[in-house]
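Chemist: Below are the structure tokens for one structure; questions will follow.
The values are calculated or read from the model by the stated rules, or taken from the named source; none is laboratory data. Owing to the predicted nature of the structure, the values given are computational and were not obtained by experimental measurement. Reconstructed Cβ throughout: ideal geometry from the backbone, glycine too, with neighbour counts over all protein chains shown.
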Amino acid sequence: MHYFVTGATGFIGKRLVKKLLERKGAVVHFLIRKESESKVAALRAYWGASAARLVPVFGDLTAKKLGVSGDDVKKLKGQIDHFYHLAAVYDLEADEESQIAVNIEGTRNTVEFAKAIDAGHFHHVSSIAAAGLYEGVFREDMFEEAENCEHPYFMTKHESEKIVRKECKVPWSVYRPAAVVGDSRTGEMDKIDGPYYFFKLIQRMRQLLPPWMPSIGLEGGRINIVPVDFVVASLDHISHQQKASGKCFHLVDPIGYRVGDVLNILSKAAHAPKMNLFVNAALLGFIPKSVKKGLMALGPVRRIQQAVLKDLRLPDDILTFVNYPTRFDCRETQAALAGSGIECPNLNDYAWRLWDYWERHLDPDLHIDRTLKGTVAGKVVLITGGSSGIGLAAAHKFAEAGAVTLICGRDQDKLDEACKEAKAKGYQFIAYPVDIADMADCDRFIQALVDKHGGVDYLINNAGRSIRRAIESSYDRFHDYERTMQLNYFGCLRVTMGLLPGMVAKRKGHVVNISSIGVLTNAPRFSAYVASKAALDAWTRCASSEFADQGITFTTINMPLVRTPMIAPTKIYNNVPTLAPEEAADLIAQACIFKPVRIATRLGITGQVMHALVPRVAQIVMNTSFRMFPDSLAAKGDKGARPQLSPEAVAMQQMMRGIHF
């Protein structure tokens, strides 16, 4: 038996060809562009068949009679028993022009070609989209009843089927698959569409929430999903059983699910939170169109919608189909499959395979270079306070990743020692001596950066000063507040604002500000330090809003306690769990790679939430810790014996990891 297949290299087509070749003596002719001739050998290897059984026919779907040569038409005339037309654009995001060219005109060209070679039976693989957004149950004997076909995909699928029904001169059958997903046995899929659009949303929920936490979902309309192996098996079986012309078969799941049910099944497969409360998406239909149109006319509303959809990898039209209103009757298909053993598997049984395959092979994030090297190689990175501690550890990471790494600090000897370390490891730092707290020195430094490097691509504001002293011990030490603010706030701003014009001109740049967990927890004894960092945090939030449309991004890291020379004078920190400088540097690397608005520990966020929701309780907790831990001897100006911590203080140290006391 001889077959002809268009779309043989597509997701369904490749599997159909393999299925057809299982039949004894089967010979498959498949349409392929002449420029893709080099792919034929690989296709034969995939299908495991010889050249005698797999015959390429060179042509073009958009050309009259598929652009097949006259000689090939003569060879094929009267030889093809079954002609399968699968080639089409199956993509909600495709532009209307390409969909018309392929789905409509391509089908017309295919029908003409099938007549030219006197094919025995023409099998057109349409789609349930041919029904448009029909309200109610759409039967297999219905076609003209389709409604709301304005969307290009629905319109072109409906019109292409109309061409088969009206213009096909050989016996024909139509098959309307539902939304086709991966293989129910392997999960294998080749692209993201249909229900796969929601996978990134589910993954994001899993990342943010524990699996036991209930969540809210959309109930939505009905969505019909079928695995590709069911579609191929049904198509193969029915096409060989069907003799009469003019019949249509719905290759759908007889059960069907609401959007909310599908989301829940996939959430379970992904170990994401289950949706316990559903909001009926139909409620959105009660909002007058004039109100919706008015809202979407507002720039901020459009930008927010676009940003959310882009972040979740959702197409712009996805909201149109959340309330999909059509259900599909499939009694003709079930009658044709009776006794064959072919039936649509239950989504609950194979959803985990779909998820596993997507997360291993199709997740868009897998194809983005998330390495530090891929992010900063060849870029200019400035790390203030880069001669020691967190800054030095970060500098090593960036230089190793191939960045042009600039470090600055006040101590020339430390800078020289840092450069020696880098050279010994096979890379280099470019060091600049500067006092960030000196505004004139800052200006000189910025000008040097602009002149020698053309500005920077990444700015890591790491230089800082920390003072641990209770307010009651600071009545006569107002200069502590002044000098802390001068470096941590004014110095940081001076550098940032000096480099921002260059970033604006290039419309790209990223600023990482090293803040403190103390800003979130309002840590006692650090009023000078926390106030300076809080000022920087507030400025960063304002700047983020102003520069959001200019390609410049900001990340604030509310850093927990890190074991650096800055905390060495405070001896009680010897027993407090802290981060190593290298671990802190990892957070800075993450900030540059992913560019989040903020990086904070769970403990820091918990402290912030407590201060927002139960401020009195938060004050009591922090005051208790304040009284447990005394000022250091240096802060009290005392050279006596070091005070001993109580058992409660030792226990608190272990519980409150990373909070400055």
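Chemist: Considering only region 374-381, I want to know if a residue exists there that is in contact with a helix residue (DSSP H, G or I) (Cβ under 6 Å, 6 or more places away or on another chain), in a helix (DSSP H, G or I) and either more than 13 Å from Y427 (Cβ to Cβ) or acidic (D, E) (or both).
Modeler: yes
Chemist: Residue under question is I32, and the condition is that it be in contact with a Pro (Cβ under 7 Å, 6 or more places away or on another chain) and buried (at least 17 other Cβ atoms within 10 Å of the Cβ); does it hold?
Modeler: yes
Chemist: Another question, if that's okay. Quick check, is V102 surrounded by 15 or more Cβ atoms within 10 Å (Cβ to Cβ), within 39 Å of the chain's Cα centre (by Cα) and among the hydrophobic types (A, V, I, L, M, F, W, C)? Steps first, please.
Modeler: Details: surrounded by 15 or more Cβ atoms within 10 Å (Cβ to Cβ): yes; within 39 Å of the chain's Cα centre (by Cα): yes; among the hydrophobic types (A, V, I, L, M, F, W, C): yes.
Yes: the conditions hold for V102.
Chemist: Could you check region 208-241 and list, in sequence order, the residues that are of a type in the set (S, T, N, Q) and modelled with pLDDT under 80? If you could, list the steps in order and put the result at the bottom.
Modeler: So the first thing to find is which residues in region 208-241 are of a type in the set (S, T, N, Q), and the list is 215, 224, 234, 239, 241.
If the condition is that a residue be of a type in the set (S, T, N, Q) and modelled with pLDDT under 80, then S215 is the only one that fits.
Chemist: Condition first: of a type in the set (K, R), touching a Ser or Thr at 6+ places or on another chain (Cβ under 9 Å) and either touching a residue at least 60 places away in the same chain (Cβ under 8 Å) or surrounded by 18 or more Cβ atoms within 10 Å (Cβ to Cβ) (or both). Can you find one or more residues in region 182-203 that meet it?
Modeler: The first filter runs over region 182-203 and keeps only residues of a type in the set (K, R), leaving 185, 191, 200.
Right, trim to touching a Ser or Thr at 6+ places or on another chain (Cβ under 9 Å) and you get none.
No, there is no match, as no residue in region 182-203 is of a type in the set (K, R), touching a Ser or Thr at 6+ places or on another chain (Cβ under 9 Å) and either touching a residue at least 60 places away in the same chain (Cβ under 8 Å) or surrounded by 18 or more Cβ atoms within 10 Å (Cβ to Cβ) (or both).
Chemist: Can you find, within region 334-357, the residue that is surrounded by the fewest Cβ atoms within 10 Å (Cβ to Cβ) among those that are assigned to a loop (DSSP other than H, G, I, E, B) and of a type in the set (A, V, I, L, M, F, W, C)? Even if it seems obvious, please write down each step before you answer.
Modeler: Residues of region 334-357 that are assigned to a loop (DSSP other than H, G, I, E, B), as a first pass: 338-346.
Restricting the remaining residues to those that are of a type in the set (A, V, I, L, M, F, W, C) gives 338, 342, 344.
On the way: A338: 10, I342: 17, C344: 25.
Checking each candidate, the answer is A338.
Chemist: Has region 40-54 got at least one residue that is out of contact with any helix residue (DSSP H, G or I) (no Cβ under 8 Å at 6 or more places or on another chain), buried (at least 16 other Cβ atoms within 10 Å of the Cβ) and of a type in the set (G, A, S)?
Modeler: no
Chemist: All but one of (1) buried (at least 16 other Cβ atoms within 10 Å of the Cβ); (2) over 15 Å from I265 (Cβ atoms); (3) among the aliphatic types (A, V, I, L, M) hold for M213, so report the exception by its number.
Modeler: (1)
Chemist: Pick from region 69-89 the residues that are among the aliphatic types (A, V, I, L, M) and surrounded by fewer than 21 Cβ atoms within 10 Å (Cβ to Cβ): which of them is farthest from A119 (Cα to Cα)?
Modeler: We begin by selecting, within region 69-89, every residue among the aliphatic types (A, V, I, L, M); these are 73, 76, 80, 86-89.
Now restrict to residues that are surrounded by fewer than 21 Cβ atoms within 10 Å (Cβ to Cβ): 73, 89.
Working: V73: 11, V89: 24 Å.
Among them, the one singled out is V89.
Chemist: Could you list, in sequence order, the residues of region 415-471 that are among the basic types (K, R) and not in a helix (DSSP H, G or I)?
Modeler: Initially, region 415-471 is screened for residues among the basic types (K, R), giving 420, 423, 425, 444, 452, 465, 468-469.
Once the filter is applied, which keeps residues that are among the basic types (K, R) and not in a helix (DSSP H, G or I), region 415-471 yields K425, R465, R468, R469.
Chemist: Right, next: Criterion first (within 34 Å of the chain's Cα centre (by Cα) and part of a loop (DSSP other than H, G, I, E, B)) does T62 satisfy it?
Modeler: On the way: within 34 Å of the chain's Cα centre (by Cα): no; part of a loop (DSSP other than H, G, I, E, B): yes.
Judged against the criteria, T62 is not a match.
Chemist: Out of (1) modelled with pLDDT of 65 or more; (2) surrounded by 11 or more Cβ atoms within 10 Å (Cβ to Cβ); (3) outside any loop (DSSP other than H, G, I, E, B), the odd one out for A272 is which?
Modeler: Answer for A272: the failing condition is (3).
Chemist: Output the residues belonging to region 231-267 that are of a type in the set (A, V, I, L, M) and more than 29 Å from E167 (Cβ to Cβ). Let's see the steps before the verdict.
Modeler: Kept after step one, since they are of a type in the set (A, V, I, L, M), are these residues of region 231-267: 231-233, 235, 238, 244, 251-252, 255, 259, 262-263, 265-266.
Once the filter is applied, which keeps residues that are of a type in the set (A, V, I, L, M) and more than 29 Å from E167 (Cβ to Cβ), region 231-267 yields A233, I255, V259, V262, L263, I265, L266.
Chemist: For region 373-427, give me the residue count where each residue is touching a Cys at 6+ places or on another chain (Cβ under 7 Å) and either surrounded by fewer than 22 Cβ atoms within 10 Å (Cβ to Cβ) or of a type outside the set (A, V, I, L, M) (or both).
Modeler: Looking only at that region, the number is 3.
Chemist: Now, a different point. Inside region 105-128, can you point out the residues that are among the hydrophobic types (A, V, I, L, M, F, W, C) and out of contact with any helix residue (DSSP H, G or I) (no Cβ under 6 Å at 6 or more places or on another chain)?
Modeler: Filtering region 105-128 down to residues among the hydrophobic types (A, V, I, L, M, F, W, C) leaves 111, 113-114, 116-117, 119, 122, 125, 128.
A114, A119, V125, I128 - these are the residues of region 105-128 that are among the hydrophobic types (A, V, I, L, M, F, W, C) and out of contact with any helix residue (DSSP H, G or I) (no Cβ under 6 Å at 6 or more places or on another chain).
Chemist: Could you check region 22-67 and list, in sequence order, the residues that are of a type in the set (S, T, N, Q) and over 23 Å from M1 (Cα atoms)?
Modeler: Restricting attention to region 22-67, the residues satisfying the condition of being of a type in the set (S, T, N, Q) are 36, 38, 50, 62.
Passing the criteria: S36, S38, T62.
Chemist: I would also like to ask the following. Looking at region 114-156 only, could you name the residues that are of a type in the set (S, T, N, Q) and surrounded by 16 or more Cβ atoms within 10 Å (Cβ to Cβ)?
Modeler: Result: S126, S127, T156.
Chemist: Looking at the structure I just gave you, is A26 out of contact with any Phe, Trp or Tyr (no Cβ under 9 Å at 6 or more places or on another chain), surrounded by 14 or more Cβ atoms within 10 Å (Cβ to Cβ) and in contact (Cβ under 8 Å) with a residue 24 or more places away in the chain?
Modeler: Working: out of contact with any Phe, Trp or Tyr (no Cβ under 9 Å at 6 or more places or on another chain): no; surrounded by 14 or more Cβ atoms within 10 Å (Cβ to Cβ): yes; in contact (Cβ under 8 Å) with a residue 24 or more places away in the chain: yes.
In short, no.
Chemist: Shifting gears a bit: For R360, which of the numbered conditions (1) free of Cβ contacts under 8 Å to residues at least 40 places away in the same chain; (2) part of a helix (DSSP H, G or I); (3) over 30 Å from Q203 (Cβ atoms) fails to hold?
Modeler: (3)
Chemist: Please specify each residue of region 25-52 satisfying the condition of being within 15 Å of G67 (Cβ to Cβ) and part of a helix (DSSP H, G or I).
Modeler: K34, E35, S36, E37
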